[in-house]
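Worksheet: the structure to be examined is printed underneath.
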Amino acid sequence: MEFTESLKMNYEFRRLYAKGKSAVTPYLVVYVRRTGRDHNRLGITVSNKIGKAVVRNRVRRRLREIYRLREDRLCRGLDLVIVARGRSPEATYAQLERAFEKACRQLELFAEKGGAR
């Protein structure tokens with residue numbers, strides 16, 4: 001991901017949960033907080049309750065790819081955490097895409113560029 005680093009430290013996730021804005025969909029929750037950086041930082045959380053490692057990793061890979069394909073449209077300077085919910089393993093890729101798009105629109109994360117996309 002060209003414009004994104006990973007969130008790794010637990011305190012960064014907790015700070016985002018406590019002080020960030022969130023948008024909830026049936027398949028995922030997106031937490032976001034604006035920072036002064038020139039790049040974004042992304043964290044993806046998939047609980048053990050979701051399923052075994054194979055299932056969790058599949059959900060994580062899908063969410064990372066969905067983010068990667070929309071990365072150029074997002075504003076810069078964001079800390080972003082995507083939390084998979086219990087229904088995400090049964091969701092199709094298209095449903096996860098729509099859920100992420102909806103959450104980003106609610107949080108006004110898409111940068112306005114000249115052309116409609």
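The values are calculated or read from the model by the stated rules, or taken from the named source; none is laboratory data. No experiment lies behind these values; they were computed from the predicted model shown. Neighbour counts run over all protein chains shown; Cβ positions are idealised from the backbone, glycine included. With ligands, DNA and RNA removed, areas are computed over all heavy atoms of the protein, side chains included. Shrake-Rupley method; radii C 1.70, N 1.55, O 1.52, S 1.80 Å.
For residue 65, indicate whether it is acidic (Asp, Glu) and modelled with pLDDT under 95. Write out each step before concluding.
Values: acidic (Asp, Glu): yes; modelled with pLDDT under 95: no.
In short, no.
Looking at residue 37 and the list (1) within 22 Å of residue 12 (Cβ to Cβ); (2) assigned to a helix (DSSP H, G or I); (3) open to solvent by 20 Å² or more (accessible area, probe 1.4 Å); (4) out of contact with any helix residue (DSSP H, G or I) (no Cβ under 6 Å at 6 or more places or on another chain), which single condition is not satisfied?
Only one criterion is unmet by residue 37, namely (2).
Within the stretch 72-98, which residues are open to solvent by less than 10 Å² (accessible area, probe 1.4 Å) and part of a helix (DSSP H, G or I)?
Listed by number, the residues that qualify are 88, 96.
Within the stretch 5-34, track down each residue that is part of a helix (DSSP H, G or I), surrounded by fewer than 14 Cβ atoms within 10 Å (Cβ to Cβ) and of a type in the set (D, E, K, R). Outline the logic, then answer.
Filtering the stretch 5-34 for residues part of a helix (DSSP H, G or I) gives 10-19.
From the residues that got through so far, the ones that are surrounded by fewer than 14 Cβ atoms within 10 Å (Cβ to Cβ) too are 10-11, 14, 18-19.
Passing the criteria: 14, 19.
Can you name every residue in the stretch 40-71 that is surrounded by 19 or more Cβ atoms within 10 Å (Cβ to Cβ) and polar (S, T, N, Q)?
40, the sole residue that qualifies.
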